[in-house]
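A.B. asks: Supplied in structure tokens, the structure appears directly below.
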Amino acid sequence: MKASMRQAVMVRPGRIEIREVARPEPKEGEILLNIKRIGVCGSDIHVWHGKHPFTKYPVVQGHEFSGMVESVGSDVKDVNVGSLATARPQRVCGGCGPCRRGDYHICENLKVEGFQAPGCAQDYFLTTTDRFIPLPSNLTVEQGAMVEPFAVGAHSTTRAGEIKGKNVVVFGAGMIGNVVAQFCKARGAGRVMITDINEYRLKVAQQCGLEYISNAEQEKLADAAKRIFGADGFQIAFEAAGAASALAAGIREIEKGGTFVVLGVFSSPPTVDMAVVGEHEINLAGSLMYQHRDYLEAARLLADGAFVTAPLVTRHFKLEYYEDAYRFIDENPRDVMKVMIDF
Ligand SMILES: [Zn+2]
Ligand SMILES: [Zn+2]
């Protein structure tokens with residue numbers, strides 16, 4: 001009889017079932033990971049609500065994770081069985097324009113595991129050598145599962161050009177805004193201000209060493225910028241809240257010649273004064289996910305102690321209670337950063 005394992009299947013919006021399925025075996029070019037932790041992310045919750053446009057059911061979720069290498073395909077070298085690892089969840093075509101240019105993270109046929117391809121919400125999960133990320137031995141399983149969001153921070157901050165010495169505003173103090181702001185500090189930014197309308201998230205930001213916070217409901221951006229940056233203003237901004245008002249105010253207030261990186265998800269198309277973008281010569285840059293090098297950089301900086309991670313984890317749930325984890329996030333939308341699934 002073949003060995004079995006547990007798998008968390010979202011059979012329809014709002015319902016996750018734990019099933020016993022056959023345990024996979026690694027073939028050539030594949031690595032089998034024994035999953036230890038999975039982080040639940042905002043886009044997972046969209047799927048839970050049936051509001052993710054490109055995900056069909058049933059779906060196995062899970063794309064932020066860490067695990068131990070269990071076994072490898074016969075041709076796989078230089079991968080240590082028993083070591084901690086993670087993997088990029090991006091399946092790409094290799095043949096489209098962006099792929100041929102090396103921008104595979106914006107592949108025309110991108111399939112993200114946990115959404116358009118099966119994710120890792122199971123005891124054992126196969127990845128491929130080209131997406132495998134070995135983790136430094138001093139990372140915890142928890143931090144290993146956070147390499148994914150930190151890779152978003154790594155990538156989006158490279159989209160802003162030179163950050164060193166420049167003042168930065170990050171709109172949105174959720175998980176992504178927080179890691180983007182921490183990355184800006186790691187890259188030598190001047191002052192980094194983070195804004196939100198949620199006091200809990202602003203408090204977590206402070207616990208993570210982000211000392212310059214502003215509640216956007218209580219303070220206008222122009223006033224907050226003056227309070228924190230004085231006459232210097234800010235030269236770089238990141239929209240990580242998906243808030244049209246933040247985007248509009250940010251475009252208005254950023255210094256001429258500044259760079260604005262957009263990585264939030266907007267529920268409807270935001271309105272931006274493009275005349276200001278033109279006249280102020282503002283650089284607008286989009287940012288999506290990450291590349292392999294971003295994962296590696298995120299893992300290295302996490303291992304170097306460049307980031308504060310403990311305040312980011314709100315709660316843990318065991319695999320058997322996967323559904324409760326989603327429900328908890330649903331019921332506490334204002335008081336959650338990262339929820340972890342423990343194996
Ligand atoms: Zn995610
Ligand atoms: Zn492609």
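A.B. asks: For a quick check of understanding: with a 1.4 angstrom probe and all protein chains in place, what accessible area in square angstrom does residue 96 have, to the nearest ten?
C.D. replies: Approximately 20 Å² of residue 96 is accessible to the 1.4 Å probe.
A.B. asks: Would you look at the GNM of the chain, springs on alpha carbons closer than 10 Å, and say which of 125, 150, 266 moves the most?
C.D. replies: 266
A.B. asks: From the phi angles alone, apply the Karplus equation (6.51, -1.76, 1.60; θ = phi - 60°) to segment 179-192 and give each ³J(HN,Hα) in whole Hz, x where the residue is Gly or Pro.
C.D. replies: Once θ is set to phi - 60°, the couplings for segment 179-192 become 5, 4, 5, 5, 5, 4, 5, 4, 8, x, 4, x, 9, 10 Hz.
A.B. asks: When the Karplus curve 6.51 cos²θ - 1.76 cosθ + 1.60 is applied with θ = phi - 60°, which whole-Hz ³J(HN,Hα) does each residue of segment 279-294 get, with x for Gly and Pro?
C.D. replies: Listing the rounded values in order: 5, 8, 6, 7, 8, 9, 10, x, 8, 10, 6, 5, 10, 4, 4, 5 Hz.
A.B. asks: Okay, moving on. When you take every Cα atom in segment 219-343, what is the radius of gyration, and what is Dmax, the widest Cα pair distance, in Å?
C.D. replies: Final numbers for Rg and Dmax: 18.6, 56 Å.
A.B. asks: Moving to a separate point now. Could you work out the relative contact order of segment 237-343? I mean the mean sequence separation of Cα pairs under 8 Å and 6+ apart, divided by the number of residues, in percent.
C.D. replies: 21
A.B. asks: Turning to a different aspect of this structure: Per residue, what accessible area does segment 151-286 have, given a 1.4 Å probe and all protein chains present, in Å²?
C.D. replies: 44
A.B. asks: If you don't mind, another one. What does DSSP give for the chain in terms of the percent of beta bridges that are antiparallel, rounded to the nearest 5?
C.D. replies: Of the beta bridges lying entirely in the chain, close to 55 percent run antiparallel.
A.B. asks: Taking θ = phi - 60°, what integer Hz values does the Karplus form 6.51 cos²θ - 1.76 cosθ + 1.60 yield along segment 32-38, in sequence order, with x for Gly and Pro?
C.D. replies: 9, 10, 8, 5, 10, 9, 9
A.B. asks: Give me the net charge for the shell around residue 91: Cβ to Cβ below 14 angstrom, other residues only, Lys and Arg +1, Asp and Glu -1.
C.D. replies: -1
A.B. asks: When Lys and Arg each count +1 and Asp and Glu each count -1, what net charge do the other residues less than 12 Å away from residue 164, Cβ to Cβ, add up to?
C.D. replies: Neighbour charge sum, excluding residue 164 itself: +2.
A.B. asks: Please compute the contact order of the chain in relative form: average sequence separation of alpha-carbon pairs under 8 Å and at least six residues apart, divided by the residue count, as a percent.
C.D. replies: It comes to 18 percent, rounded to a whole number.
A.B. asks: For a quick check: with amide H placed at 1.01 Å from N, whose amide H comes under 5 Å from residue 283's, ignoring anything fewer than 5 positions away on the same chain?
C.D. replies: Correct list: 258, 259, 260.
A.B. asks: Which percent of the accessible heavy-atom area of the chain goes to carbon and sulfur, probe 1.4 angstrom?
C.D. replies: Using a 1.4 Å probe with all protein chains present, the chain comes out at 49 percent carbon and sulfur.
A.B. asks: When the dipole is taken about the Cα centre of the chain, and only Lys, Arg (+1) and Asp, Glu (-1) are charged at their Cβ, what size is it in debye, to the nearest 20?
C.D. replies: Dipole magnitude for the chain comes out near 200 debye.
A.B. asks: Using the Kirkwood radius over C-alpha pairs as Rh, can you work out the diffusion coefficient of the chain via Stokes-Einstein at 37 °C, viscosity 0.692 mPa s, in µm² per second?
C.D. replies: Reported coefficient: 158 µm²/s.
A.B. asks: I would also like to ask the following. In a GNM of the chain with a 10 Å cut-off on Cα contacts, which of 165, 242, 97 has the highest mean-square fluctuation?
C.D. replies: Among 165, 242, 97, the largest mean-square fluctuation in the Gaussian network model of the chain belongs to 97.
A.B. asks: Here's another thing I want to ask about it. Regarding segment 82-215, what are the three Cα extents along the principal axes, ordered largest first, in Å?
C.D. replies: Result for segment 82-215: principal-axis Cα extents of 42, 36, 28 Å.
A.B. asks: OK, next. If you rank 70, 279 by how much accessible surface each has, with a 1.4 Å probe, what is the order from largest down?
C.D. replies: Final ranking, largest accessible area leading: 279, 70.
A.B. asks: A follow-up question, please. Of the listed peptides 336-343, 185-192, 151-158, what is their order by residue-averaged count of other C-beta atoms within 10 Å, with the highest listed first?
C.D. replies: Descending packing order for the listed peptides: 151-158, 336-343, 185-192.
A.B. asks: For the chain, with a Gaussian network of springs between Cα atoms less than 10 Å apart, report the residue from 261, 313, 76 with the top mean-square fluctuation.
C.D. replies: 76
A.B. asks: Relative contact order, percent, of segment 151-292 when contacts are C-alpha pairs under 8 Å separated by at least 6 residues?
C.D. replies: 26
The values are calculated or read from the model by the stated rules, or taken from the named source; none is laboratory data. Only a predicted model underlies this, so the values are computations on that prediction, with no experimental measurement involved. Cβ sites come from the backbone with ideal geometry, for glycine too, and all protein chains shown count toward neighbours. Please note that ligands, DNA and RNA were not included when accessible areas were found on the heavy atoms of the full protein model with its side chains. Shrake-Rupley method; radii C 1.70, N 1.55, O 1.52, S 1.80 Å.
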